[in-house]
Amino acid sequence: MADEVGFMMTPNVKKTWAPIAQTPVVAYRNRRQQKVSVLGAVVLHAATAKIDLVCDFHPDSYVRGEQAAAFLHRVLVEYPDKTIDVVWDNLSAHKSPIVKELAAEYPRLRLHYLPTYAPQLNAVEGVWSLTKYHRMANHTIGELEKLHAEAKRHLDDVGGNQALLRSCFEGAELAPNLSSAQ
């Protein structure tokens with residue numbers, strides 16, 4: 001299951017704990033709105049139920065057809081002997097001509113599209129929620145390079161934790177029963 005997310009310079013403000021009468025303040029500079037776009041996928045190995053997180057980072061950029069095709073090509077290279085079923089939403093980049101050409105060139109790459117407005121069906125949305133809205137909430141990062149490094153650090157941390165990845169997969173309404181895959 002694949003999708004994209006944007007980590008913004010403007011922090012996601014969320015409730016936190018603080019000593020009485022010491023209201024926490026999230027100080028940040030709201031200059032030009034920069035972001036780090038990330039294309040990512042949770043990859044389920046059906047035979048072992050092992051889950052990988054694969055991410056491509058695009059600092060100060062949007063995800064377009066070229067980036068989506070490059071990401072799919074990376075997945076094809078990383079899993080050379082496997083049939084790859086990619087489940088993602090209906091973003092126009094996912095249906096761009098370059099993506100369609102790549103799918104036609106590699107028959108082992110099969111693209112599936114989720115219904116409109118159905119993020120609850122995509123396991124990678126749980127990864128985005130863990131990183132963007134929990135681990136990186138209230139950040140005060142003011143430089144694009146630091147935002148990129150912090151997003152990568154948190155995604156690497158989540159990607160290295162099978163229990164967290166499993167919970168994201170199990171939280172998706174379309175997720176297979178992982179206990180039966182072992």
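The values are calculated or read from the model by the stated rules, or taken from the named source; none is laboratory data. This one's a predicted model, so the numbers in the text were calculated from it and none came from an experiment. As a convention, Cβ positions derive from the backbone with ideal geometry for all residues, glycine included, and neighbour counts pool all protein chains shown. Accessible surface areas use protein heavy atoms only, side chains included; no ligands, DNA or RNA. Shrake-Rupley method; radii C 1.70, N 1.55, O 1.52, S 1.80 Å.
Has segment 124-139 got at least one residue that is surrounded by fewer than 20 Cβ atoms within 10 Å (Cβ to Cβ), modelled with pLDDT of 95 or more, part of a helix (DSSP H, G or I) and of a type outside the set (D, E)? Checked segment 124-139: no residue is surrounded by fewer than 20 Cβ atoms within 10 Å (Cβ to Cβ), modelled with pLDDT of 95 or more, part of a helix (DSSP H, G or I) and of a type outside the set (D, E). Taking segment 66-83 only, how many residues are more than 15 Å from R108 (Cβ to Cβ), of a type outside the set (S, T, N, Q) and open to solvent by less than 70 Å² (accessible area, probe 1.4 Å)? Here the count works out to 4.
Would you mind stating whether K35 is open to solvent by 80 Å² or more (accessible area, probe 1.4 Å), within 16 Å of K132 (Cα to Cα) and either of a type in the set (K, R) or modelled with pLDDT under 95 (or both)? Break it down stepwise before answering.
Numbers: open to solvent by 80 Å² or more (accessible area, probe 1.4 Å): no; within 16 Å of K132 (Cα to Cα): yes; either of a type in the set (K, R) or modelled with pLDDT under 95 (or both): yes.
No: the conditions fail for K35.
Sub-7 Å Cβ pairs linking a first residue in segment 131-158 that is more than 27 Å from F169 (Cα to Cα) to a second residue that is open to solvent by less than 90 Å² (accessible area, probe 1.4 Å) and part of a helix (DSSP H, G or I), at least 6 apart or interchain, are I141/L147; I141/E150, ordered by first then second residue. Scanning segment 38-54 for residues that are surrounded by 16 or more Cβ atoms within 10 Å (Cβ to Cβ) and in a loop (DSSP other than H, G, I, E, B) gives a single hit, A49. Whether any residue in segment 149-172 is open to solvent by 80 Å² or more (accessible area, probe 1.4 Å) and assigned to a loop (DSSP other than H, G, I, E, B) is what I want to check. No, segment 149-172 has no match at all.
Can you tell me which of T16, T10, T23 is of a type in the set (S, T, N, Q) and in contact (Cβ under 8 Å) with a residue 24 or more places away in the chain?
Selected residue: T16, the only one of T16, T10, T23 that is of a type in the set (S, T, N, Q) and in contact (Cβ under 8 Å) with a residue 24 or more places away in the chain.
Taken over segment 109-123, the criterion of being open to solvent by less than 60 Å² (accessible area, probe 1.4 Å) and either free of Cβ contacts under 8 Å to residues at least 40 places away in the same chain or assigned to a loop (DSSP other than H, G, I, E, B) (or both) is satisfied by L109, L111, L114, A118, N122, A123. Taken as a whole, segment 84-96 holds at least one residue that is open to solvent by 40 Å² or more (accessible area, probe 1.4 Å), among the polar types (S, T, N, Q) and under 18 Å from the mean Cα position of the chain (by Cα).
Here is a check on your reading of the model: is V63 modelled with pLDDT of 90 or more and either exposed (fewer than 14 other Cβ atoms within 10 Å of the Cβ) or part of a loop (DSSP other than H, G, I, E, B) (or both)?
Working: modelled with pLDDT of 90 or more: yes; either exposed (fewer than 14 other Cβ atoms within 10 Å of the Cβ) or part of a loop (DSSP other than H, G, I, E, B) (or both): yes.
The answer is yes for V63.
Please tell me if V75 is assigned to a helix (DSSP H, G or I), out of contact with any Phe, Trp or Tyr (no Cβ under 7 Å at 6 or more places or on another chain), over 24 Å from K15 (Cβ atoms) and β-branched (V, I, T). Against the criterion (assigned to a helix (DSSP H, G or I), out of contact with any Phe, Trp or Tyr (no Cβ under 7 Å at 6 or more places or on another chain), over 24 Å from K15 (Cβ atoms) and β-branched (V, I, T)), V75 qualifies.
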